[in-house]
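Student: Take this structure, written in structure tokens, and hold onto it; I'll ask about it next.
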Amino acid sequence: MLAYEEALDYLYSFVDYGVVRADRYAPETFNPDRMAAFLRAVGDPHNRYPVLHVAGTKGKGSVAALCASALRAGGYCTGFYTSPHLFEFCERVQVNGEAMAREAMAEIVSRMQPLAAGYPGLTTFELTTALAFSYFARQAVDVAVIEVGLGGRLDATNVVRPLVSVITSLSYDHTYLLGDSLAEIAAEKGGIIKPGVPVVVAPQAPEALAVLEKISSERGAPLSLVGRDWLFRPVAHSLEGQTFEVWTAEEQRQLNALRAQGHAVAWRPNQYDIPLLGQHQVENAAVAYATLMTARGAGLPLAAQAIRDGLRSVHWPGRFEIVRRAPYLVVDGAHNADSARRVAAALRDYFPGQRVCLIFGASADKDVAGMLAELLRPDTGVTQIILTQAVHPRAMEPETLADLARPHGVPAEVVMPVATAVALALARAGPEDVILACGSLFIVAEARAAAQGVVAMPGPQLSW
């Protein structure tokens, strides 16, 4: 049997379009039929448990984590597949919040290795997905929450027939693969919609929503839109978490009708708490709630208290996470302009008027100029920038970052590695100052590790 490090080296030895830029997002490179055939060879493990399948540009990891937490709170043995990891590869494959054991990973990869030779073109992500499905079957999970890797239509995870399909917020990312318009991106993400399977959709731009509604209609998949069919609003927020309300459009219609008839109705929607910060996480939580309620309607019993407990107790690091205080060190995996806009809004909400030092690094294939334009607006409080580079093959050179940051007129310097950048920012900051490390999850992993005295080992990563 392979040792863990040997198994990891074996997985990373395959073509990985998360690291090597692909010229085409097409079946020649991303091949669901190949994935399905390989899964048949390993026993079709993905067919042994119900699945919630989550795609999107932003928020899909948060929505998946919230759903998995609620299912665990409901007493289900719950699998959770996500990417990338923060510290260690096995974090990608979790059962009941615990990462897959290294020994189990090595054993499953050892069993897959001779079979994989018969399927030329398999990618690292495809093998990792098969590993996750196999581990969940071995652990006899009751349900699995599966996060899409890239796109949706041709993603390795798109072999499942889920109880519910979920599409979170869509914005511009991986445009060289998925398309240059929101309509094209929506068509790729909407590829996870299955005939007759209900789909929950986060609030979308009109052109994206039109595509998703067309696909759903053609496939007879009932579509529920958060913000239209499921209503929500934030109630309160602090550095400890947030409270929000969520209710259905039907409840709102009934309430409006009673009030129109002159009835004095004292009614408030149900309130829920989440530890995640930023108004965008309220939207994600509403999407998760709608997903769980839709799954319940599709035959997966789940008590209201389980949803409440699961949302309140979710653990999802690296998303506007306060790692330390006095000074504040905040880390966020924002890696496109839309997510940077949400981080900037969270800075204004949680730290108004406070000085912010931005530690920034990004992958070379991202909209770095767009991210910096959002993060360096005058109202975010950023007074200095430390540009750095994560240990990752796609990381942009800090000098290139400096060229992109210079027009914004905020003092900037290059400091490497990330741990040194964090140490320098902490040494300079006053107790009420804020240090924000963002630009990619790789920066988050190294900044978080530096602050907590942990050695981060991100490795090649299978991110998209």
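The values are calculated or read from the model by the stated rules, or taken from the named source; none is laboratory data. Keep in mind the model is a prediction, meaning the values are calculated, not measured. Positions of Cβ are backbone-derived with ideal geometry, glycine not excepted, and every protein chain shown enters the neighbour counts.
Student: Yes or no: L239 closer than 22 Å to A344 by Cβ, out of contact with any strand residue (DSSP E or B) (no Cβ under 6 Å at 6 or more places or on another chain) and crowded, with 21+ Cβ neighbours inside 10 Å?
Tutor: Numbers: closer than 22 Å to A344 by Cβ: yes; out of contact with any strand residue (DSSP E or B) (no Cβ under 6 Å at 6 or more places or on another chain): yes; crowded, with 21+ Cβ neighbours inside 10 Å: no.
For L239, the condition - closer than 22 Å to A344 by Cβ, out of contact with any strand residue (DSSP E or B) (no Cβ under 6 Å at 6 or more places or on another chain) and crowded, with 21+ Cβ neighbours inside 10 Å - is not met.
Student: Looking at this structure, is D155 touching a residue at least 60 places away in the same chain (Cβ under 8 Å) and in contact with a Gly (Cβ under 7 Å, 6 or more places away or on another chain)?
Tutor: For D155, the condition - touching a residue at least 60 places away in the same chain (Cβ under 8 Å) and in contact with a Gly (Cβ under 7 Å, 6 or more places away or on another chain) - is met.
Student: Something else now. Let me spell it out: the conditions are (1) under 21 Å from E245 (Cβ atoms); (2) basic (K, R); (3) crowded, with 20+ Cβ neighbours inside 10 Å, and R312 meets all of them except one. Which number is the exception?
Tutor: Failed condition: (3).
Student: Can you name the strands (runs of 3 or more DSSP E) wholly within the stretch 131-245 that have at least 2 residues being over 18 Å from the mean Cα position of the chain (by Cα), under 27 Å from V331 (Cα atoms) and hydrophobic (A, V, I, L, M, F, W, C)?
Tutor: Counting at least 2 such residues, we get 230-238.
Student: Same structure again: Pull up the stretch 327-352, narrow it to residues that are out of contact with any Gly (no Cβ under 6 Å at 6 or more places or on another chain), modelled with pLDDT under 95 and in a loop (DSSP other than H, G, I, E, B), then point me to the one that is surrounded by the most Cβ atoms within 10 Å (Cβ to Cβ).
Tutor: A334
Student: Here's something else I'd like to know. If you go through the stretch 280-296 one residue at a time, do you hit one that is assigned to a helix (DSSP H, G or I) and within 23 Å of C357 (Cβ to Cβ)?
Tutor: yes
Student: Still on this structure: What number goes with the only condition from (1) modelled with pLDDT of 95 or more; (2) at negative phi; (3) in a loop (DSSP other than H, G, I, E, B) that M35 does not pass?
Tutor: (3)
A quick yes/no check of all residues on (1) of a type outside the set (A, V, I, L, M); (2) at pLDDT below 95; (3) in contact with a Ser or Thr (Cβ under 9 Å, 6 or more places away or on another chain); (4) in a helix (DSSP H, G or I):
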{"residue": "Q384", "(1), (2), (3), (4)": "yes, no, no, no"}
{"residue": "A390", "(1), (2), (3), (4)": "no, yes, yes, no"}
{"residue": "E399", "(1), (2), (3), (4)": "yes, yes, no, yes"}
{"residue": "G430", "(1), (2), (3), (4)": "yes, no, no, no"}
{"residue": "L436", "(1), (2), (3), (4)": "no, no, yes, no"}
{"residue": "P460", "(1), (2), (3), (4)": "yes, yes, yes, no"}
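Student: Can you tell me which residues in the stretch 72-115 are in a helix (DSSP H, G or I), in contact (Cβ under 8 Å) with a residue 40 or more places away in the chain and more than 21 Å from the chain's Cα centre (by Cα)?
Tutor: Listed by number, the residues that qualify are R102, E103, M105, A106, E107, V109, S110, R111, M112, Q113, L115.
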